Structure formats: C-alpha cells, structure tokens
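Undergrad: Structure below; questions to follow.
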Amino acid sequence: MPALSRRHLMMAATGFAAAAALPRYASAQAATAPAGPFKLPPLAYPFAALEPHIDAKTMETHHGKHHQAFITNLNNFAKDNPKLADTPVPDVLAKLGDLPDTLRTGVRNNLGGHANHTMFWEIMGPNGGKPSGDVLAAIDRDLGGMEKFQTDFNAAGGRQFGSGWVFVTVSKDGKLAIETRPNQDSPLMDGKRVLLGNDVWEHAYYLAYQNRRADYLKAWWNTVNWSKVGERYAAAKAGTLGV
Ligand code: MN
C-alpha cells in the first residue's frame, strides 16, 4: 500500500504540473496569436459602461475571450482559404452551402459568432435613450408597440433552449420580425438582415445572473443604444446594412 500511495502521489503531482502549465501556454499562445485578416472589433465603450445591467468582468471575458476565439479560428481557416476574408461576411453566411464540407461547420459557428457579436457590441452602449422616428414607427406597426415588443422578445429569448440568440430582423422595405436561432446561427444565413439581437448563451449573463435568464433579458434593455439601432434601420432600408 505505501508503494501505491507514492505512485498515486506522483501521478497527482504530474497531473498538477500539467494543469499548472496550461494557462501559461494558453496565454503565450494568445500573446503570439498570428495576425490575420479577421480582427476583433474594439468596443466603443469601457467594459464597465453597461453596469449594473451587464458587469465589467462579463464584458471583458465575452469580448476578449469568447469573441476573440472566433477571430483566432477564422484566421486559421483563412490561411488555407484566403477567399473567406475577401468576401463580405453576409455573403459568405448566406451561401454556406457553397463552402467545402471540411470548412462549412467551422465557418457557420465562427463567422456566425463573429457577425452576431459584432452586431451585439454595436447596438449596446451607456445612456442608450429611447427609440424614435422611423424605427419607433416600425416597432408600433409590426411589433405591437414597445411594451408588447419587449414582452414578446423576452419570451422568445426565454424559450430558446440551450444556447442561442433572439433577434429582430429587418427586411429591405423596413418590416420587423422577432426571430430566434440556436448556437451562433444568424438570420444572415437565410439572407436576412438583423436590426438588433440579444445573446442568450449562459456566458452572456451567468456571472451576475446565474440561471436567471429572464432577469438578464429584462435588464438588457437598459443597455440598448437606440440611436445606433435607428442608424441600422435606415441602413437596412438603404440596402447598406452589413452584419
Ligand atoms: Mn456570446
């Protein structure tokens, strides 16, 4: 038995050393991550700007780790597939079927994630104000007014099982609709455009809200930058809205 105990200790020590080495390796990798055509879009506001509704640590991890991972993966794909970075993101996502089998799932997940998060950072901000003008008129016309819109959007986000997103899509003639997608799928994959959307993956809210997705969905409205959403609505009608 003493020999066995020593052996167990050695195995435990070896395992511990390997685990301890991992973060150093991972951070060295990040620091020397090869440059590539895909870039993490900088946030237009500090990590803490959306508190108390979204905490700074969640923002830092979500932007710097989760979104960065999509960028790193896309740059790896682009090494062997330079066309991937030369084609507008909505065009690639609308034609995933044109990609080789070996690339399709990776692009679906990582370019979908890149598009979704780029939109997400853009439509949030401190002191977001209220909807007005054309976008408010469209909300009244197509979504039954702000109160019903928010209730329906939160309900849809709550019903999305597991990981995914709740979006408002906007057609070229300005019509709005609430739609959900699993994982990092996007309405762009159906040739549609996104006015706004909320991330209901647990990583978006778990640090502060744990399992209380409904509370996060309600609080999130305080972070929406309505002037940005108004710009996106105008761009959608002009046919110039990207991700
Ligand atoms: Mn996310």
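The values are calculated or read from the model by the stated rules, or taken from the named source; none is laboratory data. Owing to the predicted nature of the structure, the values given are computational and were not obtained by experimental measurement. Positions of Cβ are backbone-derived with ideal geometry, glycine not excepted, and every protein chain shown enters the neighbour counts. Keep in mind that these areas ignore ligands, DNA and RNA; they rest on the heavy atoms of the full protein, side chains included. Shrake-Rupley method; radii C 1.70, N 1.55, O 1.52, S 1.80 Å.
Undergrad: Once you place label points 7 Å from the Cα toward the Cβ at K172 and N127, how far apart are they in nm?
TA: With each label placed 7 Å out from Cα toward Cβ, I get 3.8 nm.
Undergrad: Once label points are set 7 Å from the Cα along Cα→Cβ at both S227 and D152, what is their separation, rounded to one decimal in nm?
TA: 2.9
Undergrad: Given the chain, what count of lysine pairs have C-alpha atoms under 15 Å apart, with each pair 8 or more places apart or on different chains?
TA: The number of close lysine pairs in the chain is 13.
Undergrad: Continuing with the same structure: So, for the chain, what is the accessible surface per residue at a probe of 1.4 Å, expressed in square angstrom?
TA: Ligands and nucleic acids excluded, the figure is 53 Å² per residue.
Undergrad: If you count, for each residue, the other Cβ atoms within 10 Å and average over each peptide, how do 183-189, 51-57, 127-133 line up from highest to lowest?
TA: 183-189, 51-57, 127-133
Undergrad: P(r) for the chain: what percent of alpha-carbon pairs falls in each 5 Å bin, starting at zero?
TA: The calculated distribution, bin by bin, is 1, 6, 12, 16, 17, 15, 12, 8, 5, 3, 2, 2, 1, 1, 0, 0.
Undergrad: Let's test the formula: R0 of 22 Å, r as the Cβ-Cβ distance of A56 and A214. What FRET efficiency results, to the nearest 0.05?
TA: For A56 and A214, the calculated efficiency is 0.45.
Undergrad: Right, here's the next one. Counting other C-beta atoms within 10 Å, and keeping those with at most 14, which DSSP coil trypsin sites (Lys or Arg not before Pro) do you find in the range 151-222? It would help to have the intermediate numbers written out before the result.
TA: Values: sites: R159, K172, K175, K192, R193, R212, R213, K218; in loops: K172, K175, K192, R212.
Filter output for the range 151-222: K172, K175, R212.
Undergrad: Per-residue ellipticity at 222 nm for the chain, helices alone: DSSP H runs ≥ 4 residues times -39500 (n - 2.57), over residue total, nearest 500 deg cm²/dmol?
TA: Using -39500 (n - 2.57) per qualifying helix, the result is -16500 deg cm²/dmol.
Undergrad: Now for a separate question. Using Cα pairs closer than 8 Å and at least 6 residues apart in sequence, work out the relative contact order for the range 89-243, in percent.
TA: 33 percent.
Undergrad: Return the long-range amide H neighbours of L195 (sequence gap of 5 or more, or a different chain), with a cut-off of under 5 Å between placed amide H atoms.
TA: Amide H neighbours of L195, under 5 Å, 5+ apart: V168, T169, V170.
Undergrad: While we're here: Kindly provide the pair-distance distribution of the range 105-196 built from C-alpha pairs, with 5 Å bins from 0 and whole-percent values in order of increasing distance.
TA: That works out to 3, 12, 22, 25, 22, 12, 4, 1, in percent per bin.
Undergrad: With the full set of protein chains in place, find how many percent of the accessible area of the range 127-167 is carbon and sulfur; take the probe as 1.4 Å. Before the final figure, lay out each step's value.
TA: Working: 1100 of 2190 Å².
Ligands and nucleic acids excluded, carbon and sulfur give 50 percent.
Undergrad: Now a separate question. Alpha carbon centre of the range 88-120 versus the range 146-188: separation in Å?
TA: 19
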